[in-house]
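Nothing in this text is a laboratory measurement; each read-out follows from the coordinates by a stated rule. Keep in mind it's a predicted model, so treat the numbers as computed, not measured. All Cβ positions, even for glycine, are placed from backbone atoms using ideal geometry, and neighbour counts span all protein chains on display.
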Amino acid sequence: MSKIVSVNQLSKTLGNIRVIDNVSFDIESGEFLAVQGPSGSGKTTLLGLLAGLEKADEGSILIGDEELTSMTEDQLALFRRHNIGFVFQTFNLIPTLNTLENIALPLYPERINRKDMLERARKAAYDVGLSERLDHYPNELSGGEQQRVAVARSLINEPKVIFADEPTGNLDSKTGEKIIELLHKLNTEKGQTFVLVTHDDKIAKKSSRIIRLIDGRIKHDK
Amino acid sequence: MLHYAIKELLKRSKLYLLSVMVIGLVTLMVITLNSLGDAYKEASRLPFNDIQGTIIMQRNGNVPEDISGVLLSCSLAPIRQEVISRISKIDDVRDISTALSLWVFDADHFKRVLGVNWSDNFGKKLASKLIEGTIPKTNQEVLVEKTYAQKNALEIGRKIDIAGQQFTIVGFIGTAGNEVVASDIYLNLREAQEMAYQSKNLQEVEAFDKTDVNIVFIDAAYPNMVAATQQIKQIATSDESNAGKTPLGQTIGNYNIYTPESFEDQISAVFHISDKLIWIISLVISVGAALIAARNTLHNILERRREFGIMKSVGFRSRDISREVGIETFIQVLVGFAIGLILSATAIVALAHTSVSIAIPWELSPYPHFLLANPNEANVVQTHLLPIKLEPLYVLSSFLIILVIGLITSFLGTWQINRLKPMEVMRYE
């Protein structure tokens with residue numbers, strides 16, 4: 001396994017609070033990493049920093065060969081489009097687009113013809129088991145189905161890493177389990193790297209590695 | 001991106017309806033108001049269609065004490081050839097026609113007589129209204145207006161007495177009766193001038209030379225008509241005969257210069273609106289529309305904050321978002337413009353069925369009030385269908401205006417969106 005993410009002395013302050021405090025760690029390709037910690041420990045902020053959704057105050061984040069902390073907003077956006085997948089707790093789908101179009105959303109700014117774009121989205125939908133719901137709009141899908149759409153959307157660009165922020169937080173336990181099973185399946189079958197924030201110990205225990213954050217610092221990395 | 005924009009607009013049509021309607025309203029108002037303004041300008045030129053000219057020149061005269069025999073109609077004063085010659089040298093003057101309008105108070109009845117030069121443009125225009133017979137070839141031949149002929153049982157070949165002279169009727173002329181310089185009898189200008197010259201009553205009021213006329217029709221090119229009118233006015237005011245006195249010692253009257261603008265104030269119609277008002281209304285509507293559209297766009301962006309956050313998080317750059325918002329705005333502009341254009345075309349078709357009435361100044365088609373049972377009958381009014389049409393220039397102007405409004409709102413919108421930090425939106429929404 002090769003190193004795919006390298007975090008070095010990363011810090012972030014929000015207001016007067018140092019949310020991430022001098023954090024360093026690496027992530028290997030194909031890892032399934034769970035980030036745990038109490039509320040306010042900095043889990044979501046760390047995920048945002050790693051995904052290039054937020055800019056660090058200090059330190060460096062290397063994904064592949066690219067240094068994120070020196071990138072502009074637009075460079076970060078382009079980097080996210082080609083290298084990062086993100087799954088939110090609240091699914092975050094576009095209500096006016098159907099399943100197939102929501103999955104294809106990251107490809108919209110690309111110069112790809114619509115047929116190829118939808119074909120790729122159809123393949124991603126198949127990978128997450130949504131082939132029967134392609135024409136449905138988010139309000140016509142269950143919570144579990146919406147999260148599957150979000151997972152498929154994160155896969156569409158074949159990213160280096162997928163970051164998932166409490167992906168089961170808005171789902172009942174049974175549906176949540178199915179989503180975690182799906183992520184593990186993608187991890188084992190496709191070798192996809194996952195970094196997942198969760199409160200749930202059961203989910204964390206299934207991960208190959210757990211980082212525990214307290215007050216923005218790594219207290220446990222196993 | 002286009003597909004997403006179309007779906008967004010269709011799925012949330014209520015959200016964008018106001019902007020589209022505002023754009024449609026701007027298009028409608030800009031096209032219709034300006035076309036209406038042009039139509040009234042065009043309408044004010046319609047009375048000039050009768051005379052094949054764009055400027056009419058007359059001169060105020062004095063009222064004779066003895067109203068009998070041959071008189072200058074409406075007491076119009078004579079205009080000297082020297083003045084006409086100076087006007088003909090103005091660059092923008094393309095053509096000059098002249099006529100002599102006389103009132104003949106004969107013992108049998110009153111006659112309006114017009115001396116016409118059949119070879120000038122006014123004469124040719126009149127000749128085109130010949131409905132029977134031929135135009136006069138000798139000074140002893142006349143044309144008679146058809147209604148007048150019917151009223152007085154006149155026929156071609158018969159003689160008619162004018163101020164004691166016998167003339168042969170050689171044809172009938174068909175006029176609407178409410179035209180500029182309408183008359184009962186038309187004869188050669190030379191003969192009319194001779195008749196006026198010989199009239200003792202006329203010569204007592206105004207000194208009349210054998211080559212004088214009392215109506216001058218000037219054809220000046222439209223774009224330069226204002227400049228030409230100014231020069232004509234200068235010539236008129238510098239006319240040396242202004243300083244003199246009439247044979248009775250009265251002051252010689254001023255010149256009247258009629259242009260299409262003179263008729264604009266005479267137009268009465270339901271939707272009559274001035275140029276200045278059109279510009280003020282267009283400006284207010286455009287600014288108001290820009291504010292409403294900008295407010296609506298910003299409101300819509302606020303409603304879609306989360307979606308723009310999602311788009312940014314999956315890799316949309318500022319320029320991608322700008323493109324998306326730009327496409328959405330452009331579609332709204334196109335749809336609003338199409339609606340506005342259809343409404344404008346409908347409004348213009350409807351307005352084209354309305355009529356405008358133009359009161360012709362009495363001096364331009366004079367008839368003695370005192371001979372009429374109802375003096376108001378002497379007032380001549382022309383009624384025309386409003387000559388309004390869809391002007392491509394205003395279609396283009398309205399499109400440019402709404403495009404600018406669209407660009408401004410689109411710019412404001414994307415500026416707001418690009419300030420959003422995706423993580424903040426996700427965290428707080």
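Are any of the pairs B:K233/B:K276; B:K276/B:K389; A:K219/B:K312 more than 23 Å apart by Cα-Cα distance, and if so, which?
Pairs exceeding the cut-off: B:K233/B:K276; A:K219/B:K312.
Taking the 0 to 90 degree range and rounding to the nearest ten, how far is the long axis of helix A:173-190 tilted relative to the main principal axis of chain A, both from C-alpha atoms?
Relative to chain A, helix A:173-190 is tipped by roughly 90 degrees.
Which whole number gives the average count of other chain Cβ atoms within 10 Å of the Cβ atoms across peptide A:67-78?
The shielding value for this peptide is 3.
Taking 8 Å as the Cα distance limit and 6 or more residues as the minimum spacing, I'd like the relative contact order of the stretch A:3-221 as a percentage.
Computed value for the stretch A:3-221: 31 percent relative contact order.
What Kirkwood hydrodynamic radius do you get for the protein assembly as shown when you take the inverse of the mean 1/r over all pairs of distinct Cα atoms, in Å?
Kirkwood hydrodynamic radius for the protein assembly as shown: 32.0 Å.
With a Förster radius of 41 Å, plug the Cβ-Cβ distance of B:N224 and B:F330 into 1/(1 + (r/R0)^6) and report the FRET value to the nearest 0.05.
So, using R0 = 41 Å, E works out to roughly 0.50.
Along each of the three principal axes of the Cα atoms of the stretch B:55-258, give the extent in whole Å, ordering the values from largest to smallest.
47, 41, 27
Among the lysines, which fall within straight-line cross-link reach of B:K129, defined as a Cα-Cα distance under 21 Å, with same-chain neighbours fewer than 8 residues apart omitted?
Qualifying lysines at Cα under 21 Å: B:K111, B:K137, B:K146, B:K151.
Do the sum for the protein assembly as shown: with -39,500 (n - 2.57) for every DSSP H run of n ≥ 4, divided by all residues, what is the mean residue ellipticity at 222 nm, to the nearest 500 deg cm²/dmol?
Dividing the helical sum by the residues of the protein assembly as shown leaves -13500 deg cm²/dmol.
Calculate the mean, over all residues of peptide A:110-117, of how many other protein chain Cβ atoms lie within 10 angstrom of the residue's Cβ.
1
Ranking request for peptides B:341-354, A:22-35: highest mean number of other beta-carbon atoms within 10 Å first, then the rest in descending order.
Put in order of decreasing packing, that is A:22-35, B:341-354.
For chain B, with equal point scatterers placed on the C-alpha atoms only and solvent neglected, what are the log10 I(q)/I(0) values from the Debye formula at q = 0.10, 0.12 1/Å, to two decimals?
-0.76, -0.96
Across peptide B:142-152, what mean number of C-beta atoms from other chains lies inside 10 Å of a residue's C-beta?
Per-residue shielding by partner chains comes out at 0.
To the nearest 0.05, what FRET efficiency results for B:E204 and B:Q165 with a Förster distance of 30 Å applied to their C-beta separation?
E between B:E204 and B:Q165, to the nearest 0.05, is 0.90.
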